[in-house]
Structure formats: C-alpha cells, structure tokens
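Shown below is the structure under consideration.
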Amino acid sequence: MDYRRFGNAVVIRIDRNEEVMEKLAEVCVKENILLGSISGLGAASYVEMGLYDVEKQAFTGTILEQPLEVTSLIGSVTEMDGKPYLHVHIGAADVNGKAYGGHLKKCVIGGTAEIFIHTVDGHVGRKADWFSETGLNLYYFD
C-alpha cells in the first residue's frame with residue numbers, strides 16, 4: 001500500500017494480496033481521519049460481504065473466492081470509542097458480469113485498488129441504537 005494526502009483528500013493504492021479494510025483503518029489511524037467519505041474501485045481475489053437483517057439483528061454472509069472486478073467501493077468514516085469506524089459497501093462482478101454487493105467485511109486485492117478518502121472538518125460519532133432497536137451503531141451528533 002502507498003498513499004498521499006492532498007488537502008482534504010487521501011489517495012490510496014492498495015496492492016495485490018493486501019486486505020482493504022485493514023489498510024483503510026491503518027490510513028485513518030495514521031492520518032487521524034475521524035470523518036470522511038470513501039470511494040474506490042479495483043480487482044479482488046476474495047470478498048466477504050453481508051446483508052444485515054434488522055429483524056434477526058444478524059448478518060448473513062457471502063464469501064466469493066474468485067477473480068472479481070470491484071465496480072464500486074463506497075462508505076463512510078466516523079468515530080466510535082475514540083477510533084475510526086469504517087462502514088463500507090462493495091459492488092463486484094465476476095467474469096460473466098454477474099454482480100454481487102453488500103456490506104464489506106473483508107476484501108483481498110487480486111490486482112490493485114484505487115481508493116479516495118475525502119475528509120470532512122467536523123465530528124460525527126457512532127452509538128449503539130438507543131431508540132429504534134435495530135442493533136446498529138447509528139450516527140450520533142454531539
């Protein structure tokens with residue numbers, strides 16, 4: 001992985017066999033990013049993603065171990081318990097163009113990934129849902 005910061009933007013290259021969520025967290029810690037948006041694309045060899053079922057308050061997971069085009073990586077960085085909190089979704093397609101998508105748990109890069117984090121001056125925290133019983137960590141505005 002390598003990256004550069006240009007004002008409120010961080011441009012990241014994640015390399016083959018590196019894991020996206022780990023590298024994004026690493027950059028956020030190093031650069032003290034606690035609020036921002038994430039966008040990117042690339043090529044993966046392994047993806048774990050899921051769908052959160054609000055009624056069951058549990059994730060249903062999907063694992064893909066094959067060459068995939070990451071057609072969209074989008075998410076947010078907020079803060080929870082003093083640390084960066086990443087919430088990222090992925091869209092990916094296989095060799096036949098079949099598309100998959102969901103909440104990203106893990107993504108190992110098969111070629112490269114090109115990712116931007118656009119930082120925002122301000123603070124948005126996360127707090128376990130205190131009013132609607134979803135089981136989710138919701139935005140919390142101080």
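Considering region 40-58 alone, what residues qualify as being of a type in the set (S, T, N, Q) and over 30 Å from Ser132 (Cα atoms)?
Within region 40-58, Ser45 is the sole residue that qualifies.
State which residue pairs qualify: first residue in contact (Cβ under 8 Å) with a residue 40 or more places away in the chain and among the β-branched types (Val, Ile, Thr) and inside region 61-73, second residue exposed (fewer than 14 other Cβ atoms within 10 Å of the Cβ) and assigned to a strand (DSSP E or B) in any location, beta carbons under 9 Å apart, and separation of 6 or more residues or different chains.
Between residues of region 61-73 that are in contact (Cβ under 8 Å) with a residue 40 or more places away in the chain and among the β-branched types (Val, Ile, Thr) and residues that are exposed (fewer than 14 other Cβ atoms within 10 Å of the Cβ) and assigned to a strand (DSSP E or B), the close pairs are Thr62/Leu51.
Do the conditions hold for Gly97, that is, is it over 17 Å from the mean Cα position of the chain (by Cα), at pLDDT 95 or above, among the small types (Gly, Ala, Ser) and exposed (fewer than 15 other Cβ atoms within 10 Å of the Cβ)?
yes
Hey, another quick one. Among the numbered conditions (1) closer than 23 Å to Gly7 by Cβ; (2) exposed (fewer than 15 other Cβ atoms within 10 Å of the Cβ); (3) touching a residue at least 40 places away in the same chain (Cβ under 8 Å), tell me where Val77 comes up short.
Going through the list (1) closer than 23 Å to Gly7 by Cβ; (2) exposed (fewer than 15 other Cβ atoms within 10 Å of the Cβ); (3) touching a residue at least 40 places away in the same chain (Cβ under 8 Å), Val77 breaks only (2).
Please determine, by comparing only the residues of region 54-86 that are more than 15 Å from Gly102 (Cβ to Cβ) and among the small types (Gly, Ala, Ser), which one is modelled with the highest pLDDT.
Only one residue tops the list, namely Ser76.
Suppose we filter region 21-39 for residues that are assigned to a helix (DSSP H, G or I) and farther than 30 Å from Ser132 by Cβ; how many remain?
The number of residues fulfilling the criteria is 6.
Counting just the residues of region 100-127 that are in a strand (DSSP E or B) and either in contact with an Asp or Glu (Cβ under 6 Å, 6 or more places away or on another chain) or on the phi > 0 side of the Ramachandran plot (or both), which one comes out surrounded by the most Cβ atoms within 10 Å (Cβ to Cβ)?
Ile109
Based on what the data block shows, is Gly82 under 17 Å from Gly36 (Cα atoms) and surrounded by fewer than 15 Cβ atoms within 10 Å (Cβ to Cβ)?
Against the criterion (under 17 Å from Gly36 (Cα atoms) and surrounded by fewer than 15 Cβ atoms within 10 Å (Cβ to Cβ)), Gly82 qualifies.
The values are calculated or read from the model by the stated rules, or taken from the named source; none is laboratory data. Bear in mind the structure is a predicted one, so any value in this text is a computation, not a measurement. Please note: Cβ atoms are built from the backbone with ideal geometry, for glycine as well, and neighbour counts cover all protein chains shown.
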